[in-house]
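Everything below concerns the one structure shown next.
What follows is calculated from the coordinates using simple rules that are stated; it is not laboratory data. As the structure is a prediction and not an experimental result, all values here were calculated from the model. Reconstructed Cβ throughout: ideal geometry from the backbone, glycine too, with neighbour counts over all protein chains shown.
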Amino acid sequence: MKSSLVALFEGFYLKFVGHRSTLSMGCFQHRDARFRWRFASVGLMALLLLLNGGGVQLQAQECIQLSTQKKVGETIKLKIKAKGTFSIEGVKEPAQVSNSKVQYTLSSSTVTIKGAVTELVCSSSQLEKLDVTKASSLTYLDCSINQLKVLDLLNTPHLTYLDVADNKISSLKVEHLTELKTFDCGHNELTSLAPKSPLLEEFSCQDNFIASLDLSACPKVSIVICQVNRLDRVGMKNFVASLPNRPDEDGLLYVIDTQKTDEQNVCTRTDVATLSGKGWTVYDYNGTHEREYPGSEEGGDTPKQTLSFTTDKPVGSKISFVCNGSSDLKATGVEGVFTPSESVVEYTLTHQTVTIAGSSITKFVSTYSEITMLDVSKAADLEWLDVSNNKLSDLDLTALSRLKILGCGVNALSELDVSASEVLEGLNCNRNQLTKLSLSNNLENLSYLNCSGNKILLIDAQHMPALQTLVCFSNKLTHLYFSERNAKLETLQCFDNELRRIETQKLPRLRKLYCGTNFLSQLELSHNPLLEELWCGGNELTLLDLSHNPAMFELLCAFNRLSSLVVSPQATGMITIDCYVNQMNADAMAKLVESLPQVQSSDDCLFNVVDTQEKEERNRCTKEQVKKVLAKGWKAMDFNGGNLKPYDGEWSSCERGAERAIRVYPSSFDSYLAVQNKPLESSVYLYDREGRLIKEWSSCTQEILDTQELPQGQYIIKIDNYSQLIEKR
């Protein structure tokens, strides 16, 4: 029960602030943060003193939370010790104290242990998460052989024993664990470590990616196991220097495993001599048949190249890849006969991280392999790399100065820097999340670039003189920069962007231009005599002159604002013209028809001139013009909303008077009316006998009108100046 003095203080506080506040965990929470902190600096201190003086203890309960991939009903084995009692939730059995593991049956995939736990063993439990941020009493933790990727140990400063081996941890902060005596983090994905425990005696970090290891703050360490890492000559020299002297010559160092193909540690004879002088015996793990290691010759061995990748595919599943290079290439992490090859080979995963090592790696291809990490920093000879259709979010290519072919499309890359690969010939990085491309100013050999399906704002191709194909559609491009050096460019696919201009005059060899769905208002193509295919639909073009393009094969320019379009009469190889949904009147259409090349009717050449289902259609093509189109070997077509049908043309005013008048029948109708010879743009109006408008078919393109909903009676149908009395039966 609170003392009267405390109650009085609370009442004073509430009255002072003037509206509802709360007292929670010994801390006032007020809506006005500025006032809260001003007031709390004096009042809160007084209140806490009162509370403590009155014997009230306000302290959060310690707890540990485990999340497992095991299903409810399966069992999990835990060893738990605590100061005082503890409870466990998420299992069917009550908490048990034991010197060995106790089997529990899961009632939830999340297990919570409440209490001041000092010792926890939860190894081999298929854990994907382990939260010990509220376990400050913990001194012994074994969470090895799980699926942990992250482990926060910031609030466990009293740990003396820590085993996190055989997980997927890539970063681990342990500098604050100054009471550690035994530490094992082997078989993870760590790249650097610097424990700072003056009490540390045994340390294991084998089978990681460690390139930097510092034990200078661990004067008592006497056993170090660090084979199968990436300590090169410099990294090893620094590590050796960080080891303490062992005056009793009792230091044991396992520094290398010569049986492992992914071993990248380099420990020379000089390093071994230095270690011996400091009281350390150096061992080669030698595939479990350990032996003393004399060290490698200084610069005597050919530097080993390695390539490693991690996949989301489970152990035991199949994975396929191509890897070529020197004849001594070997692979770990897969089962099967591995030989360098230009062909795809299927293997069985024995580990989710696969490493290929040998004197030289020149080619690696693995697509649709669920690869999440790829390390090519030690594969400087790579010339061909294709890891398209995977799950990569990062790709470091700075070591690949010899790379010629790169495929990394359909991943999750937000950045890509190929500036170090100046001999690059082909690059495909389509369908990622790139906002820019970091390209070298010296890509003299790049002939193919596909960066479509990203979020790139601009591309500067001026320094790519060998470029023949540029595929950059479906980005957010506002600028494409070309120069006279881009004279070899033949194919440009830049549709579905935000371009307002394309410098086609600098591309004399252009053969295929796909630039539809942009904001182009003009397109000058008189400097592109080799142009064969032009897709420019969905822009804002008003004029298009292709009279200087005799090689034209296919033209798609629908959905623009064209009031003038001409093609080259010499383009006799042309087979398709899509120009529907534009604004060409009869005079403009006459010029277009006049410019059509004479073709063979047997070639099935299509002149898709109108779309009668599209409300924005403003093209006019008369029956007489259709006759001329047919005479030139073309088929005049109505796009008809995607269901192509022959187009007869519309009557011009002269043609209508000379040939036929509008006709509506039957005069006594039931469920439909037929309309013939109606001008394309004209609407159909239906009135009752009193002159009231009953129905309207605006800009009607139909020849059959549905009248089923009309009641019986007499009506007047009107089309332009034509009218007729009709009757619904």
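Calculate the FRET efficiency for Ala412 and Ser668 from the Cβ-Cβ distance with a Förster distance of 51 Å, rounded to the nearest 0.05. The pair Ala412/Ser668 has a calculated efficiency of 0.15. Considering only DSSP beta bridges with both partners in the chain, what is the antiparallel share in %, to the nearest 5? Looking only at bridges with both residues in the chain, the antiparallel portion is about 50 percent. Here the simple spin-label model places points 7 Å from the Cα toward Cβ, and for Leu644 and Ala420 these points are separated by 5.2 nm. Placing unit charges on the Cβ atoms of the charged side chains and taking the dipole of region 302-378 about its Cα centre, the candidate lying farthest along the positive direction among Ser343, Val365, Ser308 is Ser308. In region 388-469, taking the dipole from charged Cβ atoms about the Cα centre, the farthest positive-side position among Gln462, Leu416, Leu443 is held by Leu416. The antiparallel fraction among DSSP beta bridges confined to region 85-204 stands at about 25%.
With both partners inside region 446-500, how many of the DSSP beta bridges are antiparallel, as a percent to the nearest 5? Provide the component values of the computation, followed by the final result.
Working: 0 of 9 bridges.
Taking every DSSP beta bridge within region 446-500, about 0 percent pair in antiparallel fashion.
Quick check on region 392-510: take the gyration tensor over C-alpha atoms, sort the square-rooted eigenvalues as a ≥ b ≥ c, and tell me if it's rounded (a/c under 1.5), prolate or oblate. Here region 392-510 falls in the oblate category. Each 10 Å bin from 0 upward holds the following percent of the Cα-Cα pairs of region 302-378: 20, 59, 20, 1.
Ranking Ala674, Ile716, Val102 by Cα position along the charge dipole of the chain, where only Lys, Arg, Asp and Glu carry charges on their C-beta atoms, puts Ile716 farthest toward the positive end.
Just rank Ile459, Ile210, fewest to most, by other beta-carbon atoms within 10 angstrom.
Values: Ile459 21, Ile210 24.
Fewest-to-most ranking of Ile459, Ile210: Ile459, Ile210.
Mean residue ellipticity, 222 nm, helices only, the chain: the sum of -39500 (n - 2.57) across DSSP H runs of n ≥ 4, divided by residue count and rounded to 500, is -3500 deg cm²/dmol. Rounded to whole numbers, the Karplus 3J(HN,Hα) couplings from phi for region 478-494 are 10, 9, 10, 9, 10, 9, 4, 6, 8, 5, 8, 5, 10, 10, 10, 10, 10 Hz, using 6.51 cos²θ - 1.76 cosθ + 1.60 with θ = phi - 60°, and x at Gly and Pro.
Other residues lying with their Cβ under 11 Å from the Cβ of Cys63 contribute a combined charge of -1, Lys and Arg counting +1, Asp and Glu -1. Dipole magnitude for region 130-192: about 120 debye, using +1 per Lys or Arg Cβ and -1 per Asp or Glu Cβ, origin at the Cα centre.
Judged by the ratio a/c of the largest to the smallest principal axis of the C-alpha gyration tensor, region 111-217 counts as oblate, that ratio being 1.5 or greater while a/b is no larger than b/c. Of the chymotrypsin sites (Phe, Trp or Tyr not before Pro) found in region 297-373, the ones in coil according to DSSP and having at most 15 other Cβ atoms within 10 Å of their Cβ are Tyr368.
Placing unit charges on the Cβ atoms only, positive for Lys and Arg and negative for Asp and Glu, gives the chain a dipole magnitude near 2360 debye about its Cα centre.
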